[in-house]
Every structure is written in C-alpha cells, then in structure tokens.
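First the structure, in the form of structure tokens, and then the observations on it.
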Amino acid sequence: MSLADALTSSTAVIAAELRPPRAELALREGMDAWIDTYHAVRSLTRSGSYVFLTDSAVGLQEEDNLRHLVANLGGDVPRERVVPFLTSKHRLEYCLSYAGRAWQHDFQSLVVLGGDKSVGPPRSVEHAWQLRQAIRRHEPHLTLGGWANPNRDAERQVGFLQETNFTGEFYLTQIVSHHNLAPVAQFMEAGDKRRLELQGLFGVFFYRSANPATLATLSRFLPVPAEALSKEFDSGATPVEVAARTIRAMMNVGVRHFYVSNLPLGRAQSTLTAILDAVKV
C-alpha cells in the first residue's frame, strides 16, 4: 500500500525518519554507516513500517540517498514503504532528475521541502510548493508530501495546506512534544473547523537523554522543551517512555499518524517496536 493510501485508511501510520550518512565521512566509515542504514531500512520496511530518508539535514551535506538506495537495497525491500526527502537546496535540474530517478526505480512518494535558509547552500526556488509544482509537471505519477508547523499560527498553517498551489497529497509536521500540547490541539481544531482533508504525519523526536549540550544544539533546528525533558529524565523516565508519552498525548487531541526521528540506526526497528508497545498501538 502506498503511503498516501495508508494515511487515508483506518489504521494509524507510525513511520521512522532516518538520516543518511554525511558526505564528508571517510570511505570506510561511510561504507559502514550506509550498511547500517540499509539494515535499518530493510528491517523497518519488512516489519511493515514506512521509512523517510532526509536530505541535507541541519545544513550538512549528506550522501545522495536515492543513489545509494537504488544501488544497494536489493529487490526484497518494498519501495512503496521508502519515502526520500528532497529539499530545494540543490540545482533545479538535479531536483527534477532526482524525481525522475525515484519514479523510474519504483519509489512512489517524495517529501519535498524548502530546506533551512539559514544554513547550507541557497534554495533553487523561494518556496517548496514551487518545486513540487515543477516536479508534478516533470513526473506526474509521484505522490508528493509537504510541510506544516503546528507551533505557528494554526489557521495560517492549515490555510497553506488547503491552497491550490500546495501541490501534494500529504504533509509532515515539525517536531511536537507532550510538554507543549496546546499548539497541536489548536492546529487540529483549525483543521476540523476548516475541514482539512489532507492527512499528515506529526514528528516525534527520540530523545536519548537530556544532555544539556545536545539539547542546546538541537534547539537551533527544532523546538526543544529542555527544562521539562530534564525533569522527566531525572524522574526516571526512559527514552522509549518519553517518546511514547508524546504519541499518546497527540492521539488524545486527534492526531493519528506519526514519524519518529533520531532512532538509533543499529536498533531502529526494535526501538520503534518498543515505543509502539509502550503506546499500546
């Protein structure tokens, strides 16, 4: 089942988001990192999960995720369950070629984002919807996903998703937390009021600890409730329990679908399973 079809079914979708190895890694180190990535993608998809692979996360140049996937995944990985990210921080020609390669090699969906303007190379287009429109003209069969941020004005964010130029069949959101539930509740209420039909997956970050330096670095790229997390870990909560609490809290305000970021690559499938067991999904 394609991701777009799964999101409109009666079953909750809880996916994993993985980050490809950095391009500057030494040859041997890079090969080892990609082997771990292949194993994680295989185990996750063969257990029924969808997998997102990021593109130039946090401004660092990453390997071409699609090229490595095509060369090394083999025929036993269901391509409809692997969804690469593509940001506009590449030349437009590269982006269109990337979309064509994705469809040629049986990937059915792409998440197309603008990319952080403050780091890394410039965008090839001003807005992500412009790139999605260009891809739709170039490769009309692909299912495309966009972006929303529940931490910003709810009415405005839902409005963006409903605009005709959004050009997508689903969306992902910024990372959310049970420590800051009100913005998500407002986003869901705005979606209900405006009869938003588009389905989305809400981001859940797998915090492995409350290390102050790590949380400070993360806060440059996503909203981090550092003080609340520190108290939660100090009280004895495990990383799995913290992630499960976020998912349960979001379900209580009507969220159905999630993607979990920062899973340990060597234990991605078992960690995601542990989170789902804790959520009791």
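The numbers here are math on the coordinates, done by the rules we state, and not lab data. What you are looking at is a predicted structure, and each value in this text was computed from that prediction instead of being measured. Cβ atoms come from the backbone with ideal geometry, glycine included; neighbour counts cover every protein chain shown.
Say the dipole of segment 3-279 comes from +1 at the beta carbon of Lys and Arg and -1 at that of Asp and Glu; which of VAL242, PRO183, ALA278 then lies farthest toward its positive end? The one lying farthest along the dipole's positive direction is PRO183.
Just how large is the dipole of segment 220-277 about the Cα centre, in debye to the nearest 20, putting +1 at every Lys and Arg Cβ and -1 at every Asp and Glu Cβ? Write out the running numbers ahead of the final one.
Details: 6 positive and 5 negative charges, 42 e Å.
Here the size comes out at about 200 debye.
Restricting attention to the chain, close to 5% of DSSP beta bridges with both partner residues there are antiparallel. Here's how it looks for THR167: its modeled amide H is under 5 Å from none belonging to a residue 5 or more places away or on a different chain.
Taking a span of 27 Å or more along the helix axis (Cα atoms) and a mean Kyte-Doolittle hydropathy of at least -1.0 as the rule, the DSSP H helices of the chain that qualify are 27-46.
Evaluate the charge dipole of segment 3-279 about its Cα centre and quote only its size in Debye, nearest 20, assuming +1 on the Cβ of each Lys and Arg and -1 on the Cβ of each Asp and Glu.
On the way: 28 positive and 29 negative charges, 42 e Å.
It works out to roughly 200 debye.
Electrostatic bookkeeping for THR143 treats Lys and Arg as +1 and Asp and Glu as -1; over the other residues with beta carbon under 12 Å from its beta carbon, the sum is -2.
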